[in-house]
Each structure stands twice: as structure tokens, then as C-alpha cells.
1. I'd like to verify a number: residues in segment 376-421 that are part of a helix (DSSP H, G or I) and within 16 Å of ligand 2 (Cβ to nearest atom), how many?
2. Taking the stated definitions as given, is Arg170 more than 16 Å from ligand 2 (Cβ to nearest atom), buried (at least 18 other Cβ atoms within 10 Å of the Cβ) and either over 22 Å from Thr317 (Cβ atoms) or hydrophobic (A, V, I, L, M, F, W, C) (or both)?
3. Which condition number does Ser424 fail, the rest of (1) at pLDDT 95 or above; (2) open to solvent by less than 50 Å² (accessible area, probe 1.4 Å) being met?
4. Return the pairs, sorted by first residue and then second, in which the second residue is in a helix (DSSP H, G or I) and modelled with pLDDT of 95 or more, the first residue lies in segment 342-370 and is aromatic (Phe, Trp, Tyr) and within 16 Å of ligand 2 (Cβ to nearest atom), the beta carbons are less than 6 Å apart, and the residues are 6+ apart or on different chains.
5. Can you run down the residue pairs with Cβ atoms below 6 Å, 6 or more apart or on separate chains, where the first is in segment 175-198 and farther than 17 Å from Asp269 by Cα and the partner is assigned to a strand (DSSP E or B) and among the β-branched types (Val, Ile, Thr)?
6. Could you pull out the residue among Val388, Val340 that is touching a strand residue (DSSP E or B) at 6+ places or on another chain (Cβ under 8 Å) and either over 16 Å from Arg315 (Cα atoms) or not small (Gly, Ala, Ser) (or both)?
7. Taking the condition of being out of contact with any Leu (no Cβ under 9 Å at 6 or more places or on another chain) and farther than 11 Å from Gln293 by Cα, how many residues in segment 331-353 meet it?
8. Identify the residue in segment 363-408 that is among the basic types (Lys, Arg) and more than 23 Å from Ala348 (Cβ to Cβ) and, among all such residues, is farthest from the chain's Cα centre (by Cα).
Amino acid sequence: MNDWNQILSDSDAACVERYCEAFAASHGRRPGFYIRTFGCQQNEADSEKLAGIAVSLGYVCTEDPEKAELILFNTCAVREHAELKALSLTGQLKHLKAANPDLIVGICGCMVSQEHRLNDIKNKYPYVDLLFGTASPEKLPSYLAAILKSGRRGFYPDADYRIAEGLPIRRESRFKAWVSIMYGCNNFCTYCVVPYVRGRERSRRREDILEEVRGLIAAGCREITLLGQNVNSYGHGLYEDYGFAELLEDICRIPGDCWIRFMTSHPKDVSPKLIDVIAAHSGEDSRPKIVKQFHLPLQSGSSRVLKAMNRRYDRETYLSRIAALREAIPDIALSTDVIVGFPTETDADFADTLSLLEEVRFDAFFSFLYSPRRGTPAAGMEQVPESVKAARFAALLETQNRISFEKNQSYLGRIERVLVEGTSKTDEALLTGRNEKNRLVHFKGDGSLIGQFAFVRILSADTYCLTGELSDGPSAIKEDKLCRSHR
Ligand code: SAM
Ligand code: SF4
């Protein structure tokens, strides 16, 4: 484990701090730091650490890359589209570098953890000063110090995957927080680049996680999402008799009005104990409350394709996990990920996926066109033509959109507890938030509600969101339940 306090007192950190002081003295402002994040929640959490480190060194965060002396792109490699987008935006940084001699341009994260991409960027983008992967965000001070001292570019392929504790974090939200509980992945699904770019699975010590959660709840945080590529296998290799279910139980012992979410779960590791813990701590009076929402990636409804994906469960096992969750928590909301057009997927395999969607009736899903990833086994398998993939993708979307629309109608007239997140992107007069089942809810209300829980009576529902009006609190909910039980 690396200790941040030791790193901070290190001469590299002191060197960057001195640079920031000198810059402020000569420019009348502190140097700016701009970060752009691509990809998943784990990357967002990593970016919050990088931003925390930059601020602790003396940079100020800016939303405007033109006002930055340090620009970082934290990239994704899960699909080619994400890589191409990051590369195209990197191209646009050339003119900023030309205009600002103080600017340091850095590209980091999953894309850079791939050797071929690191070399590509190094050779084709001479104005990129700094390249580093996912392994060691805590080394940012020494990377910057090396550039400031030598004036030369720095390239740092991932070397060691130890966990650094105590890093400063600059959180994007004051009431919603990501808490990484583990890093890396051991599963090696044949389509996936994650184990290659994020290393082997490693869990944080429970006391470090609990301390972070305790601090967040004490500071009034209303929603905490526990993050990991496979949270269900938390603790493997670290503890004998302590896993994700036990960690959740410990978190639920910290009193506070906060929702606890987690992602992502792997179907092969959903244990009866985990289901029991969720059932025990997701009741209306639970504080904190594990949300009644479970994201369980399916990837394919065909057992043959699941085997080719190395998912280590079949259609029946997946369905049995869903049945067990619904038996213990009847009103749990379920969401999933599906990959369309995995190599060798036939019409019959795809029909199995469609039929599983009809059988389970997920509340929401994320669907992805299969994207071949260099170095993964599936990239070398027989590919499905793009036109076939596109047609299947459209059919999948049509099926799930219909189901989501139908399921959302069941909210009509109900009173939902909503965590208010901000104003609506499409209508500034509306506030927007999510209920515990992660449904988007719009309603009219005062901006002072942002960051608070509010009760909203649902008046209309479409495929992607619910719209309603502010309502009375729990008594209205109780009355509403009473009415429904007498219907
Ligand atoms: N660890 C999680 C899991 O097992 O589901 C999430 C990992 S991944 C970042 C998120 C989703 O991206 C996966 O569930 C999968 O559906 C999708 N994905 C991963 N590799 C992909 C690929 N090569 N092409 C298309 N989708 C992919
Ligand atoms: Fe990728 Fe599979 Fe690991 Fe998820 S479980 S990160 S899909 S290898």
C-alpha cells in the first residue's frame, strides 16, 4: 500500500507545489486544471482522485480547457467508439498547446494501459506531454515534477497495482458519492479488455472503506455507490470469512439517511447471503437503506454464447438468480447489460436473448454492439456482419423500450421518494432526481431541494422517465399503500 502523506511530503510533490506558487505569483492566479472523463463510474471515481491530487498540489479546477495549465483526459477502452472519441478530442488539444506554453497535456486511464495505444499516442501526438495508465493515480505528483524539472515528455506504462489509501478526493457532488471497494478483475470474459487494463482483482481493507463511508454519511451524503468490476467477489484473497455481504451489513450499521447502491455484480457470485442482507436492509424504515435495485449483467440469453463468452453461468442459472432475488425482495427493480452481435451469435442465439428479456421484464437495460478488443480471445473468433448486429440491436431496443414503458405505467398515482439531483436538462423549470429504483423523475419544485429527498406523486410515465408533483411525505405513502391494499 502507498501512503499519501508520505507522497505529499516527497520532494516531487513539493516541486509541483513550488511551481504552482510561482505561477500564481507571476500570473495573479493559480494554474488551472481541467479533467475530462470517458467511460464508466470507476473512471469517474478515479478522476475525482486525480482532481483531488491536483488541487492539493495547488491547481484550481476549471470547466474551461482554455484556462487550464494541466489538461487530463481519463480514457476508456471497453469499446472502440470510446477510444476513437478520446483520440479525436486529443487532436483538438494541439491548438491549446500551441497557444499556452505552460500547458501540460496528459492522457491517462484504460486506453493508455494498452501498450499499442500508449505507443500510438506517443508517436502521433507530439504535443501530449504525459501518458499513464490506471494503476497508480497517486504518482501524478512525481509525473508532473519530472516534466517540470526536465521539460521532457513522460510515459508511464502500468507497473505496480498496489492500492493507495488516503488520497485527496475532489467529489463532483456534495450529496452523491462513489466509493471504490475493489479494483481490477479476474474473470476474463472473452470479449472484455478490463482485466488487461485494470489488472488482477484486489480489494480495499474493510476498515478503510468503512471509514470513508462513515465520513460521507457524517457529511450528509444521501447516496453512496460502492464500485468494483465484480463487487460480489469483494474480499477474495484478503479475508477468509468476510465478503461483500458482510461489508454491506457493516455499512448498514452506520446510521444515516442514505441510499446504498452497488455495481457491478456478476451472476455467478450472487450468494443467498447477499440476497438475505439486501432483503434485511432495504425496508422502508431502513437507515441507511440498500436500494431495491439490482444491476445484474446478462450479456446474452443463449447458454451457448454465454459459454463462448466465458461468463461461467448459463441461461437457467441466470434465471434462478433473478427468481431468488424476486422471491426475497418482490418489488426489486432489475437492470442488465446485453451485448449484441458477439462473434458466432446466430439468429437462434439472439432469439434466446429476446425471449429472456420478455421472461424477466427488466426495468432498464444497457445494450452494446459487440466491439472487438485487441488481445481478447473473442477478437479472433468469427465476427457477425455489422448490418446483422445493427438489425438485432434495433430489435432489442424495441422490445426493451416497450417493456420499460409498460413497467413505468405502474408508477402512475404512486408517491415516490426521490433524491433531487438538479434541474432538468431539457426544461429548466423542472427539478430532476431519481427514485431508489433509479427511475428518472421530473417535477416542479424549489432549487433548495437539490441534494435532499423529496416525495413526488407520479402523474405521467414514459419509456425513460416519470413526471409528477411534490407531495406530502411518508404519511401520504402509508395512506397510499392502505388505499392500494383495499383496492
Ligand atoms: N464488470 C462489469 C460486468 O461484468 O458487467 C462491467 C464491465 S464493462 C465496463 C460494462 C459492460 O460493457 C459489460 O457489462 C458489457 O456489456 C460491455 N462490454 C464489455 N466489453 C465489451 C465489448 N468488447 N463490446 C461491447 N460491449 C462490451
Ligand atoms: Fe469485463 Fe467480465 Fe470482468 Fe466484467 S466480469 S470487467 S465483463 S472481464
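1. Of the residues in that region, 3 qualify.
2. Details: more than 16 Å from ligand 2 (Cβ to nearest atom): yes; buried (at least 18 other Cβ atoms within 10 Å of the Cβ): no; either over 22 Å from Thr317 (Cβ atoms) or hydrophobic (A, V, I, L, M, F, W, C) (or both): yes.
Answer is no for this residue.
3. Status for Ser424: all satisfied but (1).
4. Correct list of pairs: Phe342/Val305; Phe365/Gln400.
5. Pairs that qualify, where the first residue is farther than 17 Å from Asp269 by Cα and the partner is assigned to a strand (DSSP E or B) and among the β-branched types (Val, Ile, Thr), are Ala177/Ile224; Trp178/Thr225; Val179/Ile224.
6. Working: Val388 fails: touching a strand residue (DSSP E or B) at 6+ places or on another chain (Cβ under 8 Å).
Answer to the selection: Val340.
7. Taking segment 331-353 and keeping what is out of contact with any Leu (no Cβ under 9 Å at 6 or more places or on another chain), we get 331, 333, 342-349, 351-352.
Pick out the ones that are also farther than 11 Å from Gln293 by Cα and you get 342-349, 351-352.
Looking only at that region, the number is 10.
8. Out of the qualifying residues, it is Lys407.
The values are calculated or read from the model by the stated rules, or taken from the named source; none is laboratory data. Quick caveat, the model's predicted, so the values are computed rather than measured. FYI the Cβ positions are ideal-geometry reconstructions off the backbone, even for glycines, and counts take in every protein chain you see. Each accessible area value is taken on the protein alone, full model and side chains, heavy atoms only, with ligands, DNA and RNA left out. Shrake-Rupley method; radii C 1.70, N 1.55, O 1.52, S 1.80 Å.
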